[in-house]
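The values are calculated or read from the model by the stated rules, or taken from the named source; none is laboratory data. It should be emphasised that the depicted structure is a prediction, and the values quoted were computed from it without experimental measurement. Virtual Cβ from ideal backbone geometry, glycine too; neighbours counted across all protein chains shown.
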Amino acid sequence: MTSRRDRNVGAATQLASQVSINFGSSIAGLLIPVVGSFVVVAVRQIVTAIVLLPIVRPRLRGRSLSSWWPVAALGVILAVMNLSFYAAVGRVGLGTAVTIEFLGPLSIALATSRRLVDVGCAIAAGIGVYLLAGPDARLDVVGVFLALLAGAGWAAYILVTRTVAARFAGLEGLSIASVIALAIVVPVALVVVDFSALTWQVLGLLVAVGVLSSAIPYSLDFVVLRRITPRLYAIITSCAPVIAAFFGVLVLGQNLTVQQVVAIALVSVAAATAFATQPNPPRTELETSATATP
């Protein structure tokens, strides 16, 4: 049983984690036109592997072949999800990309529900996304598709981690999957990268993206997961579209219409309501991390 002080510390830390992730994504938005999404994702995966592997030290020997397929699938999902997300940011803006992507975990929460409140949340989220991607918003169709693909990847990530968590202890599976994603992305990044664009400033910003989007959130998770419930964790995470929109305006200079602001707020409120009213089943550390740091 955690104290109120512990819960407050956990909630504040989780909010800081979300700020870090979305600040990192906004810096990525500056870099994508310069080096491309493959290079941004490659560096982020390198930082993730550097952070996770020394801490987790996954055991590789003595595992059956059936134990490896979900981890391999998770590695592919990681690569596709991050590539499609960052590519979407470059086309439709950070706040819009995060809002559409958030339909992935939200759909997991709503899919098996039979409650009227969840039906209302699903309708509200659908209206929000329509306002973002509808005719009046004039968004890039490819960018919307990429954001939806990222959301589908996030949902698949959450589902696959259930199998991974059953076969690998703690974050072992996630650390191995990060290496697999790295092996997928890095060769392509090396082919498409313009090495003349890799100034020290660009390299520093690439590392900053990895630290802000991976190293800091994973480190903070060790504090957060001991102090707050999965439900509160998910509610705070549902603030991500609003935080992302803020950094999109502040860092990337992206302008939001009134319609887009309403849409982002609507999806965030729908998600927070859905998560706040869900039962609080026990979840593994790996499953919870999937909701926070895809």
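Observations on the model:
- Considering region 194-209, and only residues there that are more than 12 Å from V35 (Cα to Cα) and over 24 Å from the mean Cα position of the chain (by Cα), the residue that is surrounded by the fewest Cβ atoms within 10 Å (Cβ to Cβ) turns out to be W200.
- Taking the criterion of being modelled with pLDDT of 90 or more, surrounded by fewer than 20 Cβ atoms within 10 Å (Cβ to Cβ) and among the aromatic types (F, W, Y), the only residue of region 210-252 that qualifies is F246.
- Within region 70-114, if we keep just the residues that are outside any helix (DSSP H, G or I) and among the small types (G, A, S), the residue that is farthest from V262 (Cα to Cα) turns out to be S113.
- Test: residue in region 3-24 that is under 23 Å from V188 (Cα atoms) and either assigned to a helix (DSSP H, G or I) or not small (G, A, S) (or both): yes
- Set L174, L149: member being under 23 Å from F23 (Cβ atoms) and among the aliphatic types (A, V, I, L, M): L174
- G24 passes every criterion in (1) closer than 28 Å to A240 by Cα; (2) surrounded by fewer than 20 Cβ atoms within 10 Å (Cβ to Cβ) apart from (2).
- Among the numbered conditions (1) among the β-branched types (V, I, T); (2) surrounded by 24 or more Cβ atoms within 10 Å (Cβ to Cβ); (3) at pLDDT 90 or above, the only one that T48 does not meet is (3).
- Selection count, region 96-108, where residues are more than 13 Å from the chain's Cα centre (by Cα) and buried (at least 24 other Cβ atoms within 10 Å of the Cβ): 1
- L15 passes every criterion in (1) closer than 17 Å to A245 by Cβ; (2) at pLDDT 90 or above apart from (2).
- Residue ID - modelled with the lowest pLDDT, chosen from residues in region 156-193 that are assigned to a loop (DSSP other than H, G, I, E, B) and surrounded by fewer than 18 Cβ atoms within 10 Å (Cβ to Cβ): G170
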